[in-house]
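Peer 1: This is the structure, below, for whatever I ask next.
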Amino acid sequence: MGLTDAAGLDARAVLAVARGELVLELGDELIGWLDGRRARMLAALEAGDPVYGVTTGMGAMSEVGLDHAARARHSEALLTARAVGGPPWLDPDETRAVLAVRLRTFLNGEAAVSAALCTRLAESIALGVLPALPRRSTGVAGEIVGLAHLGLALTGAGDVLAGGPGAGTRPAGRALAEAGLEPLRLGPKEGVALIEGVPMATALAVLAAEDARQVLQYALTALAAEFAITGAARDVLDPRLARGDSVLARITERLRDLAGPLSRPHALQPPVSFRASPQVLAHLGRAIDALDAATERALGGVTDSPAFLDRQFVGSAGFYGYDLSVHLHAVTVALIGVAELGATRLHRLMDPAVTGLNAQLSAEPGPQTGLSPVHKRAVGVAHELRRQAIPAFIGPVETSRGQEDAQAFSLEEAQACRIALDGVTEVLACELLAVHQARLLAVGRPDAIVPAFELRAELDALTEGLPASVADRPFGRDVETLRNRLSAR
């Protein structure tokens, strides 16, 4: 993809880069524009006024001025001691997304970095020379630690990923040489620009939002199947009940289409977990939309500090990822709600009074156990997820002799959201296995409710390859098959 401006590298493009579907290249006009911005910034530096992190130290050392010799070393010196992170590292897809977001924020112009630095970010993606970036954060106001690792890898002094997830790292200098690249020498202001902003949280938020959208679609399928199998009354899906809520209206319309019509419900009123689930899924949809808006603000906003604006150096708090942190947390809480109600509905599927099927969806109640242990697995996952409901952005701690006295902990929120995504996917796998078992048990029954065609097609695709048997077996294998299928990006 030839980039002509920053806007071309939007969230959808970042997602495509993460998946390895898109390679980036800077167009000649964009390179010329970057060179012009940098020339103006370097001219402004010659004015002699102190510029934070460029002609001075950082943090508590910001009052210390640097002589010309120190300034020449400063961009790379800023990175060295701050690279204190360690494993677990971000996966390759996540790292590609971070590099793409870092490039996007540089293309906005306020960082005034060189075209060579921007080109190196694109080359790193294209050639697979991916910096080893720590998944965990530390007590910093922004992302300085993780981004120091990114910068050091570009210069050849750090480490890069040795392969896929869990493959470890190798020295960046060797990887650069094998890729035919020279270690990058950083110029004035490029060191501080590399470690400012929130590109890591932004990239992880882009990926989390997309994965949450997929979870929402699978959750709709599972819920619709549970409505169909239990013969649950469709009253709660009546479009008139969604008045004033366009998101809920879309959710209930989709559920009506999937679940299909029902001439006579099994009971006058289904359990609350069935009736409340459309609201919970609608809330997840709203939370995803809000996170999308936060990532757009992060991609297009001023996140550099000091930012070069109208030939002036302006200090900012663009490194403080509070906006992303809060909206990542909102998605996490919404996902936990989906997991909890999923586990609850799964328990209802064990009850003959609700389904009209065998107790515990067992082939032979008593001699065979059925899916009760599968429900217990879902319960354990839902319970574990509750720990992720504690906001990470609460509880700032003073560091740097009081200069950094607040943290947004957006990377912790991104990690909590990832854990919630993995957990709700596991619960959905348990639900879909129960749906599969229920469909098999219902075969040949005169009172069996047959799901609508579209729902049958979706369920058949998701459960393809699972045993067509209702007998007890190590059901964990089936759960893992479904979990892997649901997790595939």
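The values are calculated or read from the model by the stated rules, or taken from the named source; none is laboratory data. Nothing here was measured: the structure is a model prediction, and the numbers come from that model. All Cβ positions, glycine included, derive from the backbone under ideal geometry; neighbour counts span all protein chains shown. Side chains are part of the model used for accessible areas, which takes the heavy atoms of the whole protein and leaves out ligands, DNA and RNA. Shrake-Rupley method; radii C 1.70, N 1.55, O 1.52, S 1.80 Å.
Peer 1: For the condition open to solvent by 70 Å² or more (accessible area, probe 1.4 Å) and either among the small types (G, A, S) or free of Cβ contacts under 8 Å to residues at least 40 places away in the same chain (or both), what is the one hit in D310, D245, D238, D257?
Peer 2: One residue alone meets the criteria, D310.
Peer 1: Scan region 40-58 for residues that are more than 34 Å from the chain's Cα centre (by Cα) and either hydrophobic (A, V, I, L, M, F, W, C) or outside any loop (DSSP other than H, G, I, E, B) (or both) and jot them down.
Peer 2: R40, M41, L42, A43, A44, L45, A47, V51, T56
Peer 1: Another question about this same structure. Restricting to region 453-472, count the residues that are charged (D, E, K, R), surrounded by 11 or more Cβ atoms within 10 Å (Cβ to Cβ) and in a loop (DSSP other than H, G, I, E, B).
Peer 2: Going through region 453-472 one residue at a time, the tally reaches 1.
Peer 1: Restricted to region 346-381, and to residues that are closer than 13 Å to A429 by Cα and open to solvent by less than 40 Å² (accessible area, probe 1.4 Å), which residue is farthest from the chain's Cα centre (by Cα)?
Peer 2: Among them, the one singled out is L371.
Peer 1: Scan V443, V450, V424, V470 and give me the residue that is over 21 Å from L291 (Cβ atoms), in contact with a helix residue (DSSP H, G or I) (Cβ under 9 Å, 6 or more places away or on another chain), modelled with pLDDT of 85 or more and not acidic (D, E).
Peer 2: V470
Peer 1: Still on this structure, please answer the following. Scan region 130-144 residue by residue and report those that are touching a strand residue (DSSP E or B) at 6+ places or on another chain (Cβ under 8 Å) and either of a type in the set (D, E, K, R) or surrounded by fewer than 22 Cβ atoms within 10 Å (Cβ to Cβ) (or both).
Peer 2: Of everything in region 130-144, those that are touching a strand residue (DSSP E or B) at 6+ places or on another chain (Cβ under 8 Å) and either of a type in the set (D, E, K, R) or surrounded by fewer than 22 Cβ atoms within 10 Å (Cβ to Cβ) (or both) turn out to be P134, R135, G139, A141.
Residue by residue, here is whether (1) β-branched (V, I, T); (2) touching a Pro at 6+ places or on another chain (Cβ under 8 Å); (3) outside any helix (DSSP H, G or I) holds:
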position: T221; (1), (2), (3): yes, no, no
position: A249; (1), (2), (3): no, yes, no
position: Q269; (1), (2), (3): no, no, yes
position: R297; (1), (2), (3): no, no, no
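Peer 1: Can you confirm whether region 54-66 contains a residue that is surrounded by fewer than 17 Cβ atoms within 10 Å (Cβ to Cβ), at pLDDT 95 or above, touching a helix residue (DSSP H, G or I) at 6+ places or on another chain (Cβ under 9 Å) and not charged (D, E, K, R)?
Peer 2: no
Peer 1: Turning to a different aspect of this structure: Check whether at least one residue in region 7-14 is at pLDDT below 95 and open to solvent by 60 Å² or more (accessible area, probe 1.4 Å), and report yes or no.
Peer 2: Yes: region 7-14 contains one or more residues that are at pLDDT below 95 and open to solvent by 60 Å² or more (accessible area, probe 1.4 Å).
Peer 1: Check whether at least one residue in region 308-322 is of a type in the set (V, I, T) and modelled with pLDDT of 95 or more, and report yes or no.
Peer 2: no
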